[in-house]
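In what follows, a single structure is set out as structure tokens and then discussed.
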Amino acid sequence: MLRVTDLASFFLLLIVVGCTTIPTYSTDHALHVSSGLPVNSSAHIRQVVAKGPQRIIVLLAEFPDKNHTTSIETIRNTVFVEVDALYQEVSYGLMWIAGDITDRWYRVQTPLSKLDLQQWTSWQKEDMRTFVREAVAAADNDVDFGNYDFVIIVAAGKVWPNARCDYGVSRNDTASPLKGLVVNENSDIGTYAHELGHVLPSNYKPFGGCGLPDLYSYELQAKNETSNVWIGPWDLMAGSWNLGFCAWSRFTLGWLTPEDVLMGPAMPIVVNLQPLERDSGTRMILIPLNDTASYVIEVRRKMELTSDYFLPAEGVLIYSVNLDKKSGYGVLRVYDGEPATKTLEDAPLVVGGAFEDQENHVYILVADINGQGFTVVVSSSKNSDTDGDGLEDWLEVTQYGTSPLKVDTDGDLWQDSIDLSSRDSTMPNGPIIITVLFSLLVAVLMMKRRLVFSTRKCREEFRDAWLSARDEIGSLNRLGFDWESAKPKPL
Ligand SMILES: [Ca+2]
Ligand SMILES: [Ca+2]
Ligand SMILES: [Ca+2]
Ligand SMILES: [Ca+2]
Ligand SMILES: [Zn+2]
């Protein structure tokens, strides 16, 4: 009994010694956590260019051989309510739409049947300019075009939507270029918004500060094949079925200042990236590679009351920007985080996701979730060990499932490098606690038993003593012992 109790105590001692030898961590490897300010703030501060009210005149135009079927009220609602709301949202309230719509449909002179306006490849032709010229001329006496920044010509019938920074058409009241778009009476909000995106004031130099480039493939479109091969649903300029704008588009229109991350000795850099749909926090990481090429990292969330609500997936989106490419030839290309599927709908990375560009030494890891945002680590080396626990960031994220930012991911006092269950805070502490409790229980039981035994022994001894005393008294009585004379006498 005694032996077992001693063993339990010994075991307890071992555990206590074991607990006190858990390694303590040095603070030498303090994380470089970005402050949220641009690492290189001078490089990419952009003017807000598409700012305040954008004054638009909506000009309704029909043909001698094609009358309209859509009401003025429907079109007014599309432009001044729906498109306006979309742009207010994606611009974080920096831009909105103002203006007027003509109170009737103006009739152009040339019949639709005489104009080739319905094929994508032909919109640049003289026919489109003829239509625009005739529509503007028909309304010119009623509309002061000098009061507006853009014209939206809504055509009856199936006219191919397009936009131009200058249609090359003169007007009575102003000499400024006729900037605007042509849509048709059946165009949806996405089409209006896409075409308007081509002419809003921007920082996109190839277009001379006018609008955003097309992000789908002109070559594939010309072949009538699926043309949205680089962006998927992540930007309206790649199509019109999804209404969101990526960070690069918002940045190019001046609504967003990125956190510039320069590759170099300050690596790795940790950024808490907030959802693009939010109107505060770091929402865009820009990694410039040279004057024209860069990577962009953003977080996309299906946030209610935003154009991203219907996105097919959520997470960290990474894409390349190549300003040497022309509009329609791959200015932006999204990295497919799920290359097993051809679609880019599943492109975003989640925690554990990794991106590498070995040629340019760019390594991006999604280290952790951070509220609605994500913690992203950008490094110039695959061997970096941000938290200094002896495990490389890359392996922690892609293989071990531990945090590259925490020495002890699950906070159980055992560091990642020796914790066999680094994401389970009950392991190995759970079994240890159970063993300790069990040992305590055994010890208590043993001690209790010893007490019981000693009590019993004491009782037995007392009984023996009492019995022998009784026997003694009995034999004295039998011998006629004089108890009275044996009493002590008073002095
Ligand atoms: Ca995919
Ligand atoms: Ca590490
Ligand atoms: Ca770690
Ligand atoms: Ca641990
Ligand atoms: Zn376009």
| Under a point-charge model restricted to the Cβ atoms of Lys and Arg (+1) and Asp and Glu (-1), what is the dipole moment magnitude of the chain relative to its Cα centre, in debye to the nearest 20? | 1360
| For the chain, what is the convex hull volume of the alpha-carbon atoms per residue, in Å³? | 281
| field | Order by protection proxy (mean Cβ within 10 Å, highest first), peptides 334-345, 404-415 | value | 404-415, 334-345
| field | Amide H partners (placed H, <5 Å) of GLN54, local residues excluded | value | TRP96, ILE97, ALA98
| Length gain on complete extension for the stretch ASN186 to ILE433, per 0.36 nm per residue less the alpha carbon to alpha carbon distance? | 81.9 nm
| remark: Per residue convex hull volume, Cα only, the stretch 373-491, in Å³ is 218
| said: Just to be sure I understand the model, the point goes 7 Å from the Cα along the line to the Cβ. What's the resulting THR426 to THR398 distance in nm? | reply: 3.3
| Which shape class, rounded, prolate or oblate, goes with the stretch 196-281 when its Cα gyration tensor gives a ≥ b ≥ c as root eigenvalues, a/c under 1.5 marks rounded, and past that a/b bigger than b/c marks prolate? | prolate
| task | Quick one: what are the phi-derived ³J(HN,Hα) couplings along the stretch 175-190, Karplus 6.51/-1.76/1.60 with θ = phi - 60°, whole Hz, x for glycine and proline? | result | 9, 5, x, 7, 9, x, 9, 10, 10, 10, 5, 9, 5, 8, 4, x
| note | Stretched fully, the stretch from THR292 through GLU225 gains (0.36 nm per residue minus C-alpha distance, one decimal, in nm) 21.2 nm
| task | For a quick protection proxy, order the peptides 269-275, 205-211 by their average other-Cβ count within 10 Å, most packed first. | result | 269-275, 205-211
| request: Between ARG449 and ALA175, with labels modelled 7 Å along Cα→Cβ, what's the label distance in nm to one decimal, could you check? | output: 11.0
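Take the Cβ-Cβ distance between SER417 and TYR218 as r, set R0 to 45 Å, and report the resulting FRET efficiency rounded to the nearest 0.05.
Details: r = 52 Å, r/R0 = 1.16.
After rounding to 0.05, the efficiency reads 0.30.
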| query | Along the stretch 133-138, what does the Karplus equation 6.51 cos²θ - 1.76 cosθ + 1.60 (θ = phi - 60°) give for ³J(HN,Hα), rounded to whole Hz, x for Gly and Pro? | reply | 4, 5, 5, 5, 5, 5
| query | Efficiency by 1/(1 + (r/R0)^6): what FRET value for ASP357 and ASP279, r their Cβ-Cβ distance, R0 = 35 Å, to the nearest 0.05? | reply | 0.70
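Sum -39500 (n - 2.57) across every DSSP H segment of at least 4 residues in the chain, then divide by the residue count to get the 222 nm mean residue ellipticity, nearest 500.
-8000 deg cm²/dmol, from helical runs alone.
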| field | Anchor LYS325: lysines whose Cα lies under 21 Å away (excluding residues fewer than 8 positions away in-chain) | value | LYS205, LYS223
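Rg(Cα) of the stretch 69-128 divided by 2.2 N^0.38 Å? If you can, show how the numbers build up before the last one.
Values: Rg = 15.9 Å, N = 60, 2.2 N^0.38 = 10.4 Å.
In units of the 2.2 N^0.38 Å rule of thumb, it is 1.53.
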| query | Just going by the charge dipole of the chain, with Lys and Arg at +1 and Asp and Glu at -1 on Cβ, which of ILE75, VAL261, TYR218 is farthest out on the positive end? | reply | VAL261
| query | Considering only VAL452, SER379, PRO488, whose Cα is most displaced toward the positive end of the charge dipole of the stretch 362-490, charges sitting on Cβ of Lys, Arg (+1) and Asp, Glu (-1)? | reply | PRO488
| task | Give the percent of DSSP beta bridges with both residues in the chain that are antiparallel, rounded to the nearest 5. | result | 60
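Highest first, please rank the peptides 190-196, 475-481, 419-425 by the mean number of other Cβ atoms sitting within 10 Å of their residues.
Numbers: 190-196: 22.9, 475-481: 9.3, 419-425: 15.9.
Listed from highest to lowest mean packing, they are 190-196, 419-425, 475-481.
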| query | About its Cα centre, what dipole magnitude does the stretch 438-489 give when the only charges are +1 on Lys and Arg Cβ and -1 on Asp and Glu Cβ, stated in debye to the nearest 20? | reply | 400
| task | Quick one: go through the stretch 177-201 and flag any residue whose amide nitrogen is under 17 Å from the point 7 Å out along the Cα-to-Cβ line of PHE207. | result | 177-183, 190-201
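What is the ratio of the Cα radius of gyration of the stretch 52-200 to 2.2 N^0.38 Å, where N is its residue count, to two decimals?
Cα Rg divided by the expected 2.2 N^0.38 Å: 0.96.
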| request: Would you calculate the separation in nanometres between label points at TRP466 and ALA486, each defined as 7 Å from the Cα along the Cα-to-beta-carbon direction? | output: 2.0
| message | Please compute, for the alpha-carbon atoms of the stretch 207-332, the extent along each of the three principal axes and give them in descending order in Å. | response | 47, 37, 25
| query | Given GLY337, LEU59, LEU243, which one lies farthest toward the positive end of the charge dipole of the chain, if we put +1 on the Cβ of every Lys and Arg and -1 on the Cβ of every Asp and Glu? | reply | GLY337
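Bear in mind these aren't lab numbers, they're just calculated from the coordinates by the rules spelled out. This one's a predicted model, so the numbers in the text were calculated from it and none came from an experiment. Note that we place each Cβ from the backbone using ideal geometry, even for glycine, and neighbour counts take in every protein chain shown.
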